[in-house]
Amino acid sequence: MKSKIQTLNLAIKLSAVVGLSAVHNKEAHSQRPNIVYIMSDDHGYQSISAYGGPLREYSPTPNIDRIADSGMLFNRCLVTNSLCGPSRATILTGKYSHMNGFLENEVQEPFDGSQETFPKLLQKTGYNTAIIGKWHLGSNPTGFNHWDILPDQGRYYNPEFINSNGTYIEKGYVTEIITEKSIQWLKKARESDKPFMLLMYHKAPHRNWQPGPKELKLYKNTVFPEPSTLFDDYSNRGKAERDQDMTISRTMRIEEDVKMYADKSKIKNTTLRNLDSLQLAAWDEVYDPIINQFKKENPIGDVLVRFKYQRYLQDYLACIAGVDKSVGAILDFLKENGLDKNTIVIYTSDQGFFLGEHGWFDKRWMLEQSYRTPLLIRWPGVIKAGTVNNDMVSNLDFAETFLDIAGVKIPSDMQGESMVQILKGKTSANWRKEHYYHYYEYPGSHMVKRHYGISTERYKLIHFYYDIDEWELFDIQRDPLEMKNVYNEPSYASVKADLNKRLDKLRLRYKDSEASARSFLPKN
Ligand code: SGN
Ligand code: CA
C-alpha cells in the first residue's frame, strides 16, 4: 500500500510540472536506465531451472526464471578466474586478474580500490551507486554512495556488517537481510532524479550451505538425481585432476558440511555457534532426525558418498531457494514501484560450481561447471523476451557493458567488450570466438593446480604449471563431460597446433605471459 502511495505522490509531484502522460514518457525515454545487478556466491547454472538441467523438476527457481522469460539467458558466460575475490575484481575493473592485481583469495593483498572501476565511472557521471552484501575484496569499497558489506566471507545467521560507520550485527538470516537492506536503499533511490546502480551480492549458497529458517525443511525428503560422473576415477586425465582436494568422498566434512554433528554440546566450536536458541531449535527439529538415522545406519564407502551428495544438494538448493525468493522480492518491488520498465536486472554468480560432477564440490577449474557461470538479463524495450544467447561472453565484459548502457566513455585499458549489441539481438560478426582463462590459487584450499588456457566453441586447451607441466585438451563436442584428455592423440595434432597459436595470441593481447605468471608465484 505504502509503495502505491509513494508512486502516486511522485506522479503528482512530477505531473504538476510536465503533465501525467509526459511523466511516463520522461521515465521511459530520457532517464538513463537503472541497473540492479544481483550476484550470488557459487551458484552453479545446473541449479537454475531456466537452464533446463535434471534438477529443475526437483528444485525450481521460478523467480530467477522470470528474468529468463522476460529477458535473455546466456548459455556461455565464462569467467576469467573461477574464484570469489578475483571474479569480483574482474567484474569491477573489466580486467584480467594479472592486470587488476587481485589473483587469489588466500595470501592476497587487499583489492587496490584506487584503480578505475565501473561503479566509480557511473558515480562520476551522475549515478547513485550502492553495494550491499558480500564484498570479499579486503579493502573498503570505493565508488559507491552507499556501502553495507559482510566482512570477509560473512555469516549465514546473525551476520556482522560493515558500513562507513563501522561494524555491527544484524539479527536474522543473511539472504533476507541483504534483500531487505537492498529494498530499503531502492526506496530512497527512487525518490531522487538520479539513475541508480545497485550491486546486491548474496553470500548464499557458499559453503557450508546453511539454509534459512524458511527453507530449512524444503528438501529434507527429496532424493536428487546423481550426476553420471559422481564416481569419476580421473583416469584418462593428468595429475591435476587426481591430486585435487575437493571430493565429496574425501574433502567434504561430515560435521560442518553435511551437518551430521556427533556431539551437539560442542556447538561453540562449529559454525552453528551464531544461531540463537530459537534459530537452533528450528535447526535441530530438521537435522536431529537425520542425524539419528545417520548414526543408526552408519553408511560407509559409496553409500556414504551418496548420502553426502544428497545432504549437500538438500542444503545447497535450500540456500538457492532463499536467493530465488530474494530475486522475486526485488522484481516485485521494481514492478510495484513503477521502476520495472527503466531498470535493467541482471542475475549471475561470481563463478559456477560443481554439484557432484567429477565427484566434486567447489569451483576453480577451467572445466564446464565452474568455468561457466549463470547469466540472465532483463531490459524491457531492448532485450526481446525469452531470448537464449549462445555467444561467448565473459564476466570481463560486464564493466564495459554497464558503462555503454549508461552512455559513459569506456576506458581504453579495459579488456572486455560491451555486450550491448548482443542484448539488442545484433551480435557483431567479429564477436569473440575464443576465451582466455587463468587460475592462480595454488597451493591453497582444494589444491587445484595453477592453470591457464583457451576455450573455443568446441575445444579447451589447458596448461597446468607451477609444480607440474602438463597439458590437457578436451573435445567438448565428443566429450561434453570432459572425461578424456586427447592432448597426446595424433588425430588432434593440427587442432593442438592451431589452439596453441591462438593461445599465444590471446596471452599477448591480454598482456599475460610466463614471466608475468612467474612474478606472481609465492616467494620463499
Ligand atoms: C572457504 C571454503 C572453501 C572455498 C573458499 C573460497 N572453505 O575457504 O571451500 O573454496 O572459501 O570460496 S570453508 O570451510 O570456509 O567453507 S570463495 O567463494 O570465497 O572463493
Ligand atoms: Ca564464490
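The values are calculated or read from the model by the stated rules, or taken from the named source; none is laboratory data. Keep in mind that what you see is a predicted model, and the values were worked out from it rather than measured. Glycine gets a Cβ as well: all are built from the backbone with ideal geometry, and neighbour counts include every protein chain shown. Note: areas computed on protein heavy atoms with side chains; ligands, DNA, RNA excluded. Shrake-Rupley method; radii C 1.70, N 1.55, O 1.52, S 1.80 Å.
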Discussion item. Can you say whether MET72 is at pLDDT 95 or above, open to solvent by 10 Å² or more (accessible area, probe 1.4 Å), of a type in the set (A, V, I, L, M, F, W, C) and within 28 Å of GLY453 (Cβ to Cβ), as far as the supplied structure shows?
Written reply: no
Item to complete: Could you check how many residues of the stretch 40-49 are in contact with a strand residue (DSSP E or B) (Cβ under 8 Å, 6 or more places away or on another chain) and surrounded by fewer than 24 Cβ atoms within 10 Å (Cβ to Cβ)?
Response: 0
Fill in: the stretch 92-121: number of residues that are assigned to a loop (DSSP other than H, G, I, E, B), more than 16 Å from ligand 2 (Cβ to nearest atom) and open to solvent by 10 Å² or more (accessible area, probe 1.4 Å)
10
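Taking the residues in the stretch 334-362 that are over 20 Å from the mean Cα position of the chain (by Cα) and open to solvent by 10 Å² or more (accessible area, probe 1.4 Å) as candidates, determine which candidate is farthest from ligand 1 (Cβ to nearest atom).
My answer is GLY338.
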Item to complete: Test LEU317 against the criterion of being more than 25 Å from GLU191 (Cβ to Cβ) and open to solvent by less than 10 Å² (accessible area, probe 1.4 Å), and give yes or no.
Response: yes
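For the stretch 150-160, which residues satisfy the criterion of being open to solvent by 60 Å² or more (accessible area, probe 1.4 Å) and outside any strand (DSSP E or B)?
If the condition is that a residue be open to solvent by 60 Å² or more (accessible area, probe 1.4 Å) and outside any strand (DSSP E or B), then ASP152, ARG155 are the ones that fit.
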Worksheet item: Do any residues in the stretch 342-370 that are aliphatic (A, V, I, L, M) have Cβ atoms under 6 Å from those of residues that are within 15 Å of ligand 1 (Cβ to nearest atom) and modelled with pLDDT of 95 or more, where the two are at least six apart or on different chains, and which pairs are they?
Response: LEU355/GLY44
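Restricting to the stretch 363-390, and then to whatever is among the polar types (S, T, N, Q) and away from ligand 1 (no atom under 16 Å from the Cβ), can you tell me which residue is surrounded by the fewest Cβ atoms within 10 Å (Cβ to Cβ)?
If we take residues in the stretch 363-390 being among the polar types (S, T, N, Q) and away from ligand 1 (no atom under 16 Å from the Cβ), then ASN390 is surrounded by the fewest Cβ atoms within 10 Å (Cβ to Cβ).
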Worksheet item: Only one of (1) within 16 Å of ligand 2 (Cβ to nearest atom); (2) touching a Phe, Trp or Tyr at 6+ places or on another chain (Cβ under 6 Å) is not met by ILE64, so which one is it?
Response: (1)
Discussion item. Regarding the stretch 249-271, can at least one residue be identified that is touching a His at 6+ places or on another chain (Cβ under 8 Å) and either surrounded by 15 or more Cβ atoms within 10 Å (Cβ to Cβ) or not assigned by TED's automatic domain parsing to the domain that holds LYS134 (or both)?
Written reply: yes
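Rundown of residues vs (1) at pLDDT 95 or above; (2) open to solvent by 30 Å² or more (accessible area, probe 1.4 Å); (3) polar (S, T, N, Q), yes/no style:
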residue: THR142; (1), (2), (3): yes, yes, yes
residue: ASN145; (1), (2), (3): yes, yes, yes
residue: ASP148; (1), (2), (3): yes, no, no
residue: ILE162; (1), (2), (3): yes, yes, no
residue: TYR168; (1), (2), (3): yes, yes, no
residue: GLY172; (1), (2), (3): yes, no, no
residue: GLU176; (1), (2), (3): yes, yes, no
residue: GLU180; (1), (2), (3): yes, yes, no
Worksheet entry | the stretch 277-301: number of residues that are at negative phi and open to solvent by 50 Å² or more (accessible area, probe 1.4 Å) | 12
Worksheet item: So how many residues does the stretch 273-318 have that are among the hydrophobic types (A, V, I, L, M, F, W, C), free of Cβ contacts under 8 Å to residues at least 24 places away in the same chain and under 22 Å from GLY172 (Cα atoms)?
Response: 3
Worksheet item: Restricting the stretch 417-469 to residues that are buried (at least 17 other Cβ atoms within 10 Å of the Cβ) and acidic (Asp, Glu), which is nearest to ligand 2 (Cβ to nearest atom)?
Response: GLU441
Worksheet item: Given the structure, is LEU103 out of contact with any Lys or Arg (no Cβ under 9 Å at 6 or more places or on another chain), within 13 Å of ligand 1 (Cβ to nearest atom) and of a type in the set (A, V, I, L, M, F, W, C)?
Response: yes
